[in-house]
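Chemist: Take this structure first; my questions come after.
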Amino acid sequence: MRHDLVIFDNDGVLVDSEPISNRLLAAYLTELGHPTSYEDSLRDYMGAAMHRVHDLIGERTGQRLPEDFDDVFHGRVFAAFEKELKPVAGVEEVLQKLTTDAVPYCVASSGSHERIRVGHRTTGLDRWFDEGRIFSSQDVGRGKPAPDLFLYAAERMRVAPERCVVVEDSPLGVRAAVAAGMEVYGFTAMTSADRLAGATQLFSDMGELADMLL
């Protein structure tokens, strides 16, 4: 079926940020006395809004993270983005194809608006996403795996949920898309296929995505 809206996750789907941010998150949590490996961070926090980090640490340790945790973490991430961040290979070709064929698309990310903009500006993807195409968990309060963000994006783009397809790379994002009643294509570049088992289809290379969407 030709979809009326393609909703992209951001981190790991549009920009290759997951290795950077999870490396830094694991290091910062460990620094604060909450030993966390890179693999732990990917398993527990990939695709999640920041409140999940606070919630899980609180549940596991009974301790609160510092009040400036988010600001310090994002400062480190943005500095690393300036040096290291790249667009996901092949994603600009997908965006060009969608634009040429007049298929509406947007981004719906667990990350903050600032994080999305910094990543897009650094990688040059900002030319593909004006303000009307950018949605963040900040807009709805509850991040993935709740369906709120995807439903909000569909509403703002004036498309029924069942006419949307979500492109995701995290288990939390797949769960959110399924809960929203949307098809979801799971990107397995960083996440094993079995962890994205709820996806409608799976793909491992962006070169495959255009043909799946159109």
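No lab work stands behind these numbers, since they all come straight from the coordinates. Keep in mind it's a predicted model, so treat the numbers as computed, not measured. Positions of Cβ are generated from backbone atoms using ideal geometry, with glycine treated the same way; all protein chains shown enter the neighbour counts.
Chemist: When a/c is below 1.5 the answer is rounded, else prolate if a/b is larger than b/c, else oblate, so apply that to segment 18-84 with a ≥ b ≥ c taken from the square roots of the Cα gyration tensor eigenvalues.
Modeler: Prolate shape, in that a/c is at least 1.5 and a/b is the bigger ratio.
Chemist: Could you order the peptides 147-155, 6-14 from most to least packed, using the average number of other C-beta atoms within 10 Å per residue?
Modeler: Highest to lowest by the protection proxy: 6-14, 147-155.
Chemist: Could you tell me the center-to-center distance, by alpha carbons, between segment 10-38 and segment 196-213 in angstrom?
Modeler: Going from one Cα centre to the other spans 25 Å.
Chemist: Return the whole-Å distance between the Cα centroid of segment 157-176 and the Cα centroid of segment 48-92.
Modeler: 22 Å
Chemist: Moving to a separate point now. Within the chain, what is the longest stretch that has no trypsin sites (Lys or Arg not before Pro) placed in a DSSP loop and near at most 14 other beta-carbon atoms within 10 Å?
Modeler: Longest gap between qualifying sites, sites excluded: 65-141.
Chemist: Something else now. For the pair residue 189 and residue 158, what calculated FRET efficiency results from E = 1/(1 + (r/R0)^6), where r is the Cβ-Cβ distance and R0 = 35 Å, to the nearest 0.05?
Modeler: 0.65
Chemist: Tell me, in nm to one decimal, what length is gained between residue 63 and residue 121 on full extension, where the rule is 0.36 nm per residue of separation less the Cα-Cα distance?
Modeler: Extra length from residue 63 to residue 121 when fully extended: 17.3 nm.
Chemist: Here's something else I'd like to know. Taking Cα pairs under 8 Å and at least six residues apart, what relative contact order does the chain come out at, in percent?
Modeler: That works out to 26 percent.
Chemist: Here's something else I'd like to know. To the nearest 20 Debye, how big is the dipole of segment 67-214 about its Cα centre, given +1 on the beta carbon of each Lys and Arg and -1 on that of each Asp and Glu?
Modeler: Rounded to the nearest 20 debye, it is 120 debye.
Chemist: Taking a spot 7 Å from the Cα of residue 131 along the direction of its beta carbon, which residues of segment 96-116 have an amide N less than 14 Å from it?
Modeler: Output list for this probe position: 113-114.
Chemist: Which part of segment 178-214 falls in the paramagnetic zone of residue 93, meaning amide N under 13 Å from the point 7 Å along Cα-to-beta-carbon?
Modeler: The answer is 205-212, whose backbone nitrogens lie closer than 13 Å to the label point.
Chemist: Report the gain in length on full extension from residue 70 to residue 208: 0.36 nm times residue separation, minus Cα-Cα distance, nm rounded to one decimal.
Modeler: Result for the pair: 46.1 nm of gain on full extension.
Chemist: Now for a separate question. How much of the DSSP beta bridge set in the chain is antiparallel, as a percent to the nearest 5?
Modeler: 5 percent
Chemist: Starting from the Cα gyration tensor of segment 118-192, take the square roots of the eigenvalues, sort them a ≥ b ≥ c, and report rounded, prolate or oblate (rounded when a/c is under 1.5, otherwise prolate if a/b is larger than b/c, else oblate).
Modeler: In terms of gyration-tensor shape, oblate.
Chemist: Next question, about the same structure. Can you put 40, 194 in order of Cβ neighbours within 10 angstrom, beginning with the fewest?
Modeler: Placing the least packed residue first, the sequence is 194, 40.
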